[in-house]
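The values are calculated or read from the model by the stated rules, or taken from the named source; none is laboratory data. Computed from a predicted model, the values in this text were never measured in an experiment. For neighbour counting, all protein chains shown are included, and Cβ atoms are generated from backbone atoms with ideal geometry for every residue, glycine included. The protein model used for the area step is the full one, side chains on, heavy atoms only, and it has no ligands, DNA or RNA in it. Shrake-Rupley method; radii C 1.70, N 1.55, O 1.52, S 1.80 Å.
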Amino acid sequence: MRTVFCFGLLALALGTVGLDFANAAVAQPGGPATAQSRRDAVRETTRRAWQAYVNYAEGYDELQPLTGSGINNFGGVVVTAIDSLDTLWMMDLKREFKQAVDMVRGVNFQRVSGDMSFFETGIRVLGGLLSAYELSGESVLLTKATEIGNILIKAFDTPTGLPVARVNARGPVADSVNVVLAEIGSNQLEFAKLSEFTGNATYQEKSVRVFDILSRVRTREAGLIPVHLNAQTGQLNGDYITFGALGDSYYEYLLKYAILTGQRDGLAGRMYTTAINSMKLSLVVNSSSRPDRYFLAARSNGNLEPTMQHLTCFAPGMLSLGSQFLGNNDDFVVAQRLMQSCIAFYRESQTGLGPEAVRFDYGDSASALDTDSLDLSQSASLARNGYVVSSPSYILRPETIESLMYLYRTTGDTIHQAIEKHTRTNLAYSSIKDVNSNNDKDNHRNDMPSFFLAETLKYLYLLFSDSKFYPLNEYVFNTEAHPFRIQKRM
Ligand code: DMJ
């Protein structure tokens with residue numbers, strides 16, 4: 001009920017085209033005292049997760065919260081420490097922030113022995129360092145950002161100018177020319193910031209060229225680009241289109257690059273508008289058994305794929321931010337519809353946490369949900385909710401909270417409570433296997449991804465903060481939730 005009430009208010013508050021989003025008055029349900037205590041609770045979750053990383057996994061990329069050990073998933077560059085820097089700063093956990101900075105001092109990117117993912121290292125490491133440098137002024141963070149930036153920029157040394165998927169200290173990895181859309185299209189904020197702070201325009205020029213190249217790709221639905229490409233030849237591989245894994249943050253970066261650089265009518269903004277118009281026409285559909293429920297589907301071989309991932313739940317936030325920036329009220333209506341479904345994924349599970357993916361029933365497309373193969377409880381869920389859970393894990397992901405933050409910088413308290421209740425382990429917090437399990441004991445997985453600290457907890461904290469705290473007309477958040485100050489127009 002509260003959600004419906006919030007959306008009502010939100011529609012009123014944001015319904016005016018061009019409204020200054022920092023000043024959209026948002027009342028905190030329960031008043032300031034409740035908001036403060038919720039903020040304090042999220043801060044305590046953050047402190048506890050951070051402390052466990054320090055105690056059990058210092059020097060490693062991520063914590064394994066069941067065994068109390070560390071694991072290097074990103075080449076051993078203390079990715080959780082770097083991903084957490086700005087979260088710790090923003091929550092005023094200054095002692096912990098200093099610990100993280102000290103860990104960063106010890107990293108030598110030149111010594112990383114294996115290959116690094118261009119995308120993951122860009123959004124987590126380069127993004128995390130630059131954002132924390134901008135907030136704190138700690139010069140070592142810019143030094144390290146420049147070091148890793150100089151390694152990552154070599155990914156663009158291809159005949160097309162599209163970056164390869166992996167790099168190492170020696171250069172681009174030759175056999176990583178098969179790339180995905182989200183990877184090549186989600187680095188423009190980071191390199192623009194690196195150019196801003198170093199005065200070297202080359203970083204930004206190389207990364208923004210990706211948008212130029214993609215603007216010339218002709219596709220079935222204008223602006224919706226298939227997710228598999230070859231960086232060597234520029235050829236598209238297949239025609240799978242999605243706002244979920246592999247596609248998602250490309251669309252996010254078109255919008256956020258336009259916001260960062262203050263260019264409503266620039267190429268990125270125009271490409272975003274074209275893509276979103278096609279998305280609304282061909283990918284936003286409602287369930288046959290619950291026509292009031294809307295989903296953001298994928299498309300392959302011209303057929304609709306009636307599936308939606310947790311990852312896709314970033315889209316309501318993007319649409320709402322875009323509708324404010326570009327003055328398009330239609331997008332906000334779609335944002336609300338999709339938000340309702342993402343909230344439902346949480347509310348309708350046993351734990352109060354949202355599953356990794358659902359399938360819904362839609363028409364009779366080739367890949368339609370096979371209703372005959374469903375068991376009794378799945379059939380009941382389909383009739384009641386309009387979807388069945390197809391992947392039941394919750395891996396501490398941020399997207400629904402992220403969107404809630406954008407749609408309305410309040411509420412979300414129940415999600416934080418569910419995270420505390422169901423993902424808390426003796427040491428820290430863990431992914432869980434099944435959001436519909438009522439057996440917490442056997443439901444934990446031995447991982448705590450770095451984005452839990454970078455994004456999930458930060459968006460929760462922002463949700464319970466005044467909208468003037470890191471206002472959206474002063475900051476743009478990269479896809480890993482690292483805030484960048486919006487640039488002054490030259
Ligand atoms: C994060 O690493 C980033 O948000 C990325 O763009 C995709 N999603 C994960 C967290 O779910």
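Data overview
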| read-out | value |
| --- | --- |
| Shape box of the stretch 284-372 [Cα atoms, principal axes, largest first, Å] | 44, 36, 21 |
| Share of pairwise Cα separations in the stretch 344-486, more than 17 Å, in percent | 64 percent |
| Relative packing of peptides 125-138, 338-351 - highest average C-beta neighbours within 10 Å first | 125-138, 338-351 |
| DSSP H segments from the chain that extend 30 Å or more along their own axis, Cα-based, with Kyte-Doolittle mean of -1.0 or above | none |
| The chain, dipole about Cα centre (Lys/Arg Cβ +1, Asp/Glu Cβ -1), debye to the nearest 20 | 760 debye |
| Per residue value of the accessible surface for the chain (all protein chains in place, 1.4 Å probe), Å² | 37 Å² |
| Lysine-lysine proximity count for the chain, Cα under 16 Å, sequence distance 8 or more or distinct chains | 12 |
| At 0.692 mPa s and 37 °C, Stokes diffusion of the chain via Kirkwood alpha-carbon radius, µm² per second | 145 µm²/s |
| Packing-based ranking, highest mean first, of 288-295, 222-229 given that Cβ atoms within 10 Å are counted | 222-229, 288-295 |
| Solvent-accessible area, 1.4 Å probe, carbon plus sulfur percent, for the stretch 44-110 | 46 percent |
| Measure of compaction for the stretch 439-490 (Cα Rg per 2.2 N^0.38 Å) | 1.58 |
| Percent accessible area from carbon and sulfur atoms, the stretch 283-332, protein chains only, probe 1.4 Å | 36 percent |
